[in-house]
Amino acid sequence: MAEQTTNVCVSTLNSSEEKHVLRAVFWDMDGTLIDSEPYWHESEFYLIKKYGGYWDEDLAWECSGGSLETVANKMIPSGTKLTVEEIGKGMVDYVAAREAESVPWVPGVLDVLKSLTDAGIPSILVSNSPRCLVENIVNHAPEGAFAGYVCGDDGFKPKPSAEPYLAAGKMVGIEGTDEEVAKQMANCIAIEDSLSGLTAAINSGATVIAQTGFSRANISESKHHAELNGYENVTAKMLENIVLSRN
């Protein structure tokens, strides 16, 4: 696994002397923090219209949470006359332009981030998306909201691999034997909306919450620990109680 040595703001870690069972919250980006899936889907249909091939809403949601390569490898056999790299760049450029216009935060999520910050519990953004998109979200979040991030350019195997989440764990000081890491990861919450992301989080050992309020992704095969439909009344204490209920 690649070594993670950047993307962390040390000053925001362990900023509270109060001890919590909840060690950290790991956030997926698309469909959990921001409602950017429409932007990604727009980018896919834009490329299909311009360069040929076939695409529909079912295919778009099937690829939700996956890598850019996954999308490209479905487009190309349908007749899209671009390379994997060109499709990935075209999608990222399209979404970056849309998010530069306006960050589509999902309702209530900024209040949850504030609750965690006030409690001294670090949040780490964990995404397959490239650095330019992830940093844009971190930079537009309230100051101190994120202690760090893991992105698709960091050299880890993308979700559904557990590597990105294990890297996030290292950012908050989780280390030791596999058994020790698993025990510590269980005190971290991961919030995901896609089967790919949920699988990655579950395999990391984290306590996993499926956010179903902003996505049509089919997660029926997931073995997550809890579900949220939006963020109404979600606080640091409520999230900590989910960890405690697992223990």
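Of all the residues in segment 62-83, those that are among the hydroxyl-bearing types (Ser, Thr, Tyr) and assigned to a loop (DSSP other than H, G, I, E, B) number 4.
One residue stands out among those in segment 217-247 that are within 21 Å of residue 35 (Cα to Cα) and of a type in the set (Val, Ile, Thr): the one that is surrounded by the fewest Cβ atoms within 10 Å (Cβ to Cβ), which is 235.
Residue-wise test of (1) touching a helix residue (DSSP H, G or I) at 6+ places or on another chain (Cβ under 9 Å); (2) in contact (Cβ under 8 Å) with a residue 24 or more places away in the chain.
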residue: 42; (1), (2): yes, yes
residue: 50; (1), (2): yes, no
residue: 55; (1), (2): yes, no
residue: 63; (1), (2): yes, no
residue: 75; (1), (2): yes, yes
residue: 83; (1), (2): yes, no
residue: 109; (1), (2): no, yes
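Just one of 142, 164, 158, 130 is modelled with pLDDT of 95 or more and either buried (at least 21 other Cβ atoms within 10 Å of the Cβ) or of a type outside the set (Val, Ile, Thr) (or both); which is it? Please lay out each step first, then the result.
Numbers: 142 fails: modelled with pLDDT of 95 or more; 158 fails: modelled with pLDDT of 95 or more; 130 fails: modelled with pLDDT of 95 or more.
Being modelled with pLDDT of 95 or more and either buried (at least 21 other Cβ atoms within 10 Å of the Cβ) or of a type outside the set (Val, Ile, Thr) (or both) holds for just one of 142, 164, 158, 130, which is 164.
Hand me the list of helices (runs of 4 or more DSSP H) wholly inside segment 158-247 holding 1 or more residues that are of a type in the set (S, T, N, Q) and in contact with a Lys or Arg (Cβ under 9 Å, 6 or more places away or on another chain).
Numbers: elements: 163-171, 178-185, 195-204, 236-246.
Of the helices (runs of 4 or more DSSP H) lying wholly inside segment 158-247, those with at least 1 residues that are of a type in the set (S, T, N, Q) and in contact with a Lys or Arg (Cβ under 9 Å, 6 or more places away or on another chain) span 178-185, 195-204.
Can you tell me which of 86, 135 is under 14 Å from the mean Cα position of the chain (by Cα) and of a type in the set (D, E, K, R)?
Numbers: 86 fails: under 14 Å from the mean Cα position of the chain (by Cα).
Result of the check over 86, 135: 135.
Take segment 85-107 and flag every residue that is in a loop (DSSP other than H, G, I, E, B) and either in contact (Cβ under 8 Å) with a residue 60 or more places away in the chain or surrounded by 16 or more Cβ atoms within 10 Å (Cβ to Cβ) (or both).
Keep residues of segment 85-107 that are in a loop (DSSP other than H, G, I, E, B), which gives 102-104, 106-107.
If the condition is that a residue be in a loop (DSSP other than H, G, I, E, B) and either in contact (Cβ under 8 Å) with a residue 60 or more places away in the chain or surrounded by 16 or more Cβ atoms within 10 Å (Cβ to Cβ) (or both), then 103, 104, 106, 107 are the ones that fit.
Check segment 44-56 and report whether any residue there is part of a loop (DSSP other than H, G, I, E, B), under 19 Å from residue 130 (Cα atoms), within 21 Å of the chain's Cα centre (by Cα) and acidic (Asp, Glu). Looking for residues that are part of a loop (DSSP other than H, G, I, E, B), under 19 Å from residue 130 (Cα atoms), within 21 Å of the chain's Cα centre (by Cα) and acidic (Asp, Glu), one finds none in segment 44-56, hence no.
The values are calculated or read from the model by the stated rules, or taken from the named source; none is laboratory data. Quick caveat, the model's predicted, so the values are computed rather than measured. All Cβ positions, glycine included, derive from the backbone under ideal geometry; neighbour counts span all protein chains shown.
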